[in-house]
1. Residues in the range 23-31: is at least one in contact with an Asp or Glu (Cβ under 7 Å, 6 or more places away or on another chain) and at pLDDT 95 or above?
2. Before we move on, is Y3 modelled with pLDDT under 95 and part of a strand (DSSP E or B)?
3. In the range 10-34, how many residues are exposed (fewer than 12 other Cβ atoms within 10 Å of the Cβ), part of a loop (DSSP other than H, G, I, E, B) and not hydroxyl-bearing (S, T, Y)?
4. Of everything in the range 35-55, what is at pLDDT below 95, assigned to a loop (DSSP other than H, G, I, E, B) and open to solvent by less than 90 Å² (accessible area, probe 1.4 Å)? Give them in sequence order.
Amino acid sequence: QVYVICETEHIRYPTIALPDLRRRIVSEWLPSSGYRLANAPEVECVHWHEATKSQSNVFNRYIELWIPIERVE
């Protein structure tokens, strides 16, 4: 299967940004890409790293969103 893989910003709660990311992939990127959604599972890969005390204002938390695609013929 072919996937487009995008990720949210690295923020404290990336789950808040996930719906907007998916919407933007489908409504902005997909129509001009030459691809369409494929009939396969979407995958969310959650990276939820805790910051160290010296990095208390740095967030290394994000979500990868894997959207299945296929070429438009």
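The values are calculated or read from the model by the stated rules, or taken from the named source; none is laboratory data. Just so it is clear, the model here is predicted, and its values are computed rather than measured. Cβ placement follows ideal geometry from the backbone for every residue including glycine, while neighbour counts extend to all protein chains displayed. Ligands, DNA and RNA are stripped out before the accessible areas are found, and what is left, the full protein with its side chains, is counted by its heavy atoms. Shrake-Rupley method; radii C 1.70, N 1.55, O 1.52, S 1.80 Å.
1. Scanning the range 23-31, I find no residue that is in contact with an Asp or Glu (Cβ under 7 Å, 6 or more places away or on another chain) and at pLDDT 95 or above, so the answer is no.
2. So Y3 does not fit the description; no.
3. 2
4. Passing the criteria: A51, T52.
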